[in-house]
1. Tally time: how many residues in the stretch 242-264 are over 22 Å from Arg315 (Cβ atoms) and buried (at least 18 other Cβ atoms within 10 Å of the Cβ)?
2. Does Phe79 satisfy the criteria of being among the aromatic types (Phe, Trp, Tyr) and over 30 Å from Glu162 (Cα atoms)?
3. Please specify each residue of the stretch 160-200 satisfying the condition of being crowded, with 17+ Cβ neighbours inside 10 Å and closer than 15 Å to Glu228 by Cβ.
4. For the stretch 372-399, give me the residue count where each residue is surrounded by fewer than 18 Cβ atoms within 10 Å (Cβ to Cβ) and more than 28 Å from Gly229 (Cα to Cα).
5. Please enumerate the residues belonging to the stretch 274-304 that are loosely packed, with under 14 Cβ neighbours inside 10 Å and outside any helix (DSSP H, G or I).
6. List pairs: first residue in the stretch 338-357 and assigned to a helix (DSSP H, G or I), second residue basic (Lys, Arg) and buried (at least 16 other Cβ atoms within 10 Å of the Cβ) anywhere in the structure, Cβ distance under 7 angstrom, at least six positions apart or on different chains.
7. Testing Asp323 on (1) touching a residue at least 60 places away in the same chain (Cβ under 8 Å); (2) more than 16 Å from the ligand (Cβ to nearest atom); (3) over 18 Å from the mean Cα position of the chain (by Cα), one condition comes back false. Which one is that?
8. Identify the residue in the stretch 42-90 that is in contact with a Ser or Thr (Cβ under 9 Å, 6 or more places away or on another chain) and hydroxyl-bearing (Ser, Thr, Tyr) and, among all such residues, is nearest to Met272 (Cα to Cα).
Amino acid sequence: MKIISKRAAGKTLSGDSFSFAQQAKAAKRAGFDVLDATLGTFYYDDGSFRGFEVVKEIFRSLPDEDYFSYAPIAGGIPFASAVLDWVFRASRAAIEKEMAARVVPTPGGTGAISSAVFLTLDHGKSVLIPDLAWGPYDGIAANFGVRTERFKFFAGNVFNFEDFRLKGEAVAQRDGKLAVIINDPCHNPTGYTLSPGELSRIIAYLNEKKDTPCVLIYDIAYLDYSNEGREAARRKLEILTKAEPHVLIAVAFSASKSFCAYGQRLGALIMMNKNEDVVEELFRSLAFHARHSWSNANRAMISMMTAIAADEGLRRRLDDEIDIVVGELRERSAIFLAEAKSAGLAVYPYHGGFFLTVPARDNEKTLRDLREKEHFYFLPFRESLRVAICAIPKNKLKGVAATVKKYCPD
Ligand code: PLP
């Protein structure tokens, strides 16, 4: 006889990024000179964490009702439009011409991904994810009794389409459904960005599977940090409209990253399909799910996003603040990559964003050595370690690659 349900039993939050961050914080409190590159939170070069000025200004100007009262469960029409404006920008009209799209606000991008899994996958089914992938995908799936299957993300320096296809076939055959989570652009943990050709090939493959319902959960948490530029990143999203009616496109948006407002917990799931009825059914079901799990999303953030959408000037100023972060990440990655090259340290292909990843076969030992001997804190990923350059000011980043190399034998 157990009080805990079978569903909840055995689940423990261990090995999570936040627990590694706690270790780094404890070492800092104990007086060590710590390099904490654990979390995907941006710190400026003076070591400070700051919200964007425009976001703070809008927050301060909001009437109490737009800040403290309940938000509509599904966010409301102006919010849905604000999300589509922000995520698709100049490509919005082209995308909406081809696809029906509905939006529901969620607690962060995490809530959007979790909702997409809940909406589309039954207990016992699988979701396909890369071998190098954001850790919580596994737990999100486990929460709904869904398994994760993995494909090799890289073949050399490019997306491993062969393994994606091979594993996709196995899942589709076994489950009669194929759901995939891809994080792009600026993939966490490597910083890889799919080329338009690679994204097209993924969609073309799902299109081929005419008798199998398919879902692409497209996690765009780092959309605004892409080195290809904000407009090019949006143009690439037009490729999603090539998905045929048996393919649902579930775009998971994170306001945490785009607005540097991680603690405010807002995201949105954009459900897109050629068939309006499919999208309407999912929308109704997600509104029901939202009401009976977290209920309403963060009202102040919803008001902030609608204010940005209504004012071109505010949006431009926000873009400028994001550009400062993108520029800073570009400089930091250039330092790390140049030093890694001189030190002979291998790094997975990086195109932009918050993280770089270093292959390390015995990553537990490497991470332990780096922690104990250097007070460097990174996150473990499959046979690799992730360096969150978003959290390391340039003056602290110098020499890091060479030090990592000391503990990363070939
Ligand atoms: N997806 C990826 C790949 C992430 O790295 C994160 C955050 O770290 C998220 C989604 C969702 O973040 P949040 O729930 O804070 O919006």
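The values are calculated or read from the model by the stated rules, or taken from the named source; none is laboratory data. Since we're looking at a predicted model, the values are computed, not measured. Backbone-built Cβ (ideal geometry, glycine too); neighbour counts: all protein chains shown.
1. Matching residues across the stretch 242-264 total 6.
2. It is true that Phe79 is among the aromatic types (Phe, Trp, Tyr) and over 30 Å from Glu162 (Cα atoms).
3. Asp184, Pro185, Cys186, His187, Gly191, Tyr192, Thr193, Leu194, Glu198, Leu199
4. 7
5. Hits for the stretch 274-304 are His292, Ser293, Ser295.
6. Pairs that qualify, where the first residue is assigned to a helix (DSSP H, G or I) and the partner is basic (Lys, Arg) and buried (at least 16 other Cβ atoms within 10 Å of the Cβ), are Ala343/Lys405.
7. The failed condition is (1).
8. Per the criteria, the residue is Ser81.
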